[in-house]
Every structure is written in C-alpha cells, then in structure tokens.
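Shown next, in structure tokens, is the structure this report addresses.
The numbers here are math on the coordinates, done by the rules we state, and not lab data. From a predicted model like this one, the values you see are computed outputs, not experimental measurements. Positions of Cβ are backbone-derived with ideal geometry, glycine not excepted, and every protein chain shown enters the neighbour counts.
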Amino acid sequence: MVDEPERPRVPAEMRASDQERDRAVRLLGEHAALGRLTLAELEERVSAALVARTHGELAALTRDLPPLAGWSPSWAALTAAGGSGCRVL
C-alpha cells in the first residue's frame, strides 16, 4: 500500500462554494435514487444544501449516508472526522 501525502485540513467553518453546494445536491439525488432517502428527506436536505454556508453544514447533510464510488466532495472527510475538519480533495 502506498502512503499518500497528507493533504491540508479544511476547518468546518470554511465557506462552501456554489460548485460544492451543487455537488451536494447531486450526491443527495444519487442517494435518493438508491432508496436511501425518501422524497421528503431529499427535498429537506436539498433545500438545506442550497443555503449552506460552510463545509460543516454540507457535511451534516451527508453524515448518515455511506460514501459512493467516484464521489469525493471536499467536505467528505469532515463527515468521517466527526466535524473537526476535512482534507481538501
């Protein structure tokens, strides 16, 4: 196994971009398509994602969902780290 260099940690308070909010919406849609979220849950989380200001707020929306192959949003490590910070991917 090859060790990857440590990537910088991004605090939960780091501001989220429009692109990151859009990625969160697409990720939530994928989970809904797989049956992990009901339509009501999807609508609630998408609404929250669209107004999220920070990586921590985005992480909270996906914290209870398993990772999807090929998806590595910048806040994903924040979810795994319990909210202390995330690695920039």
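Please order Thr54, Thr38 by the number of other Cβ within 10 Å, starting at the fewest.
On the way: Thr54 18, Thr38 10.
The order, fewest Cβ neighbours first, is Thr38, Thr54.
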Step through the residues of segment 62-71 one at a time and calculate ³J(HN,Hα) from phi using the Karplus curve (6.51 cos²θ - 1.76 cosθ + 1.60, θ = phi - 60°), rounding each to whole Hz and writing x for Gly and Pro. 10, 4, 9, 10, x, x, 9, 4, x, 10
To the nearest 0.05, the calculated FRET efficiency linking Glu41 and Ser17 through their beta-carbon distance, R0 being 25 Å, is 0.55
What residues qualify as long-range amide H neighbours of Thr54, i.e. H under 5 Å apart, gap of 5 or more or another chain, H built at 1.01 Å from N? Ala16
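How much length, in nm to one decimal, is gained on full extension between Ala33 and Leu68, taken as 0.36 nm per residue of separation minus their Cα-Cα distance?
Values: separation 35, 0.36 × 35 = 12.60 nm, distance 1.23 nm.
Additional length available on full extension: 11.4 nm.
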